1. Mind checking the full-extension length gain between ASP231 and GLN345? Use 0.36 nm per residue of separation minus the Cα-Cα distance, one decimal, nm.
2. Using Cα centres only, tell me the gap between region 321-362 and region 365-421 in whole Å.
3. Rounded to the nearest 20 Debye, what is the dipole magnitude of the chain about its Cα centre when Lys and Arg each give +1 and Asp and Glu each give -1 at the C-beta?
4. Under the 0.36 nm per residue contour assumption, what length would be gained going from the current alpha-carbon distance of ASN378 and LYS162 to full extension?
5. May I ask you to list the residues of region 191-227 whose amide nitrogen lies under 17 Å from a point 7 Å from Cα along the Cα→beta-carbon direction of GLU285?
6. Which cysteines in the chain lack any other cysteine whose Cβ sits under 4.7 Å from their own Cβ?
7. How much mean residue ellipticity at 222 nm does the chain get from its helices, if each DSSP H run of length 4 or more adds -39500 (n - 2.57) and you divide by all residues, to the nearest 500 deg cm²/dmol?
8. Using a simple spin-label model with points 7 Å from Cα along the Cα→Cβ vector, what separation in nm is obtained for LYS332 and LEU174?
Amino acid sequence: MLVFKFGGASVKDAKGIINLAALVEKFATEQLLIVVSAMGKTTNALERLTKAYASGDDGLQVIFDEIKSYHYTIMKDLFEPLHPVFNEVANTFVEIDWVIEDEPHDDYDFIYDQIVSVGELVSTRIVAAYLNQAGITSQWLDVRGYVQTDNTYREGVVQWDKTCAAITKDIPPLLAKRHVVTQGFLGGTSENFTTTLGREGSDYTASIFAACLGAESVTTWKDVPGILNADPKLFEDTVKFDELSYTEAIEMTYYGASVIHPKTIKPLQNAKIPLLVKSFTQPDEPGTFIHESGQNKFTKPVIIIKPNQVLLSISARDYSFISEEQLSVIFKMFSECHIKVNVMQTSALSFTVCFDQHEGRFKKLLKALTADFKVKYNDGLTLITVRHYSAASLKELTEGKTILMEQLSRNTIQLVVKYMV
């Protein structure tokens, strides 16, 4: 059997969904599990809705109406007015109504997951309905009953034993009769609350199902021809990798390459399942093939840009050395605030870290740190990671920027920079 994952760009409008159906139809004889993300920029819109609800913003209903209107417009282009999918989608949006009728929960991450998850629930309802209308027999599946996680909202930790047991029990009999359409990004807790697996987590969902089902391969359908050495929106003359090893793909995703979710590769590597990254507009092109014996060929350096970074320096109040004991305390604070370190350096008197800026979590971290340590920071920075670099490529990348921190290894250099005004 095969696992396909379609991202938001592939289902952003009616034309995209029609294209998805045409692509899936080519695999009519295969057992196919289809993982779908929220449509277009719906996740971003739902994040704005969540912030508006948590802050008591009067614009809450306007944002919600825009989200619903976007989806209904797509549906009107695909279905007759009395098609059952209109009621299915309306009933799904009611899940948000139930949340926003009450006072906001104290845990913002919990609120986030209950609201933002609706994007995938709605998109899969529409995709499954259109596939059936197009004569491609498909079953809609609520992933929350299968991908079981703990209660870490926005970064749900998958409980693999429970997840694989549920998937292997129910999914193979369904696949024997029809395609299965389910949501990426989402999970469920033992208390039946919704969790999410981290932004862009639909790739990870696909690899979870593939690993549990022993799939032949996973294909992620993107708006790019495969994995490129850099973001084509930021750099000209990018080159595509025809193939990559699991190891190189893991390194690239660890450093922030957004074309694949960082947790996607490991389950596939463990199960020796290849991953294909292909273009949904050019499905017959080969894309990038990631597998155990992939040959890595680098004609240009791999460049990964992560904006919205914080550079934080921590030191003891009594000017004592930063010891292993103090580092243990600091890392525990980072873990409790769910902040992942991108780069770190230690000197005699200070510990400096770079991480993604997340306003709520950062405030919580600052409060915890300042109780025992001196802290100073810069925000609004950019982290540039270059693998297989050359001196010429570094000179071009750093021109017009102030370097605040630099870290160099055999194959990789990381630079935390501030753009000069």
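No value in this document is a laboratory result; all are computed from the given coordinates. None of the values given here were measured: they were computed from a predicted structure. Every residue, glycine as well, gets a Cβ built from its backbone with ideal geometry; the counts of neighbours run over all protein chains shown.
1. Numbers: separation 114, 0.36 × 114 = 41.04 nm, distance 2.72 nm.
This chain segment gains 38.3 nm when fully extended.
2. The distance from the Cα centre of region 321-362 to that of region 365-421 comes to 15 Å.
3. Details: 41 positive and 52 negative charges, 205 e Å.
The dipole magnitude comes to about 980 debye.
4. Numbers: separation 216, 0.36 × 216 = 77.76 nm, distance 4.25 nm.
Fully extending the segment from ASN378 to LYS162 adds 73.5 nm.
5. Those under the cut-off are 220-227.
6. Those would be CYS337, CYS354, since no other cysteine Cβ in the chain comes under 4.7 Å of theirs.
7. Working: 13 runs with 162 residues, N = 421.
Taking each H run of at least 4 residues, the total per residue is -12000 deg cm²/dmol.
8. Output for this residue pair reads 4.3 nm.
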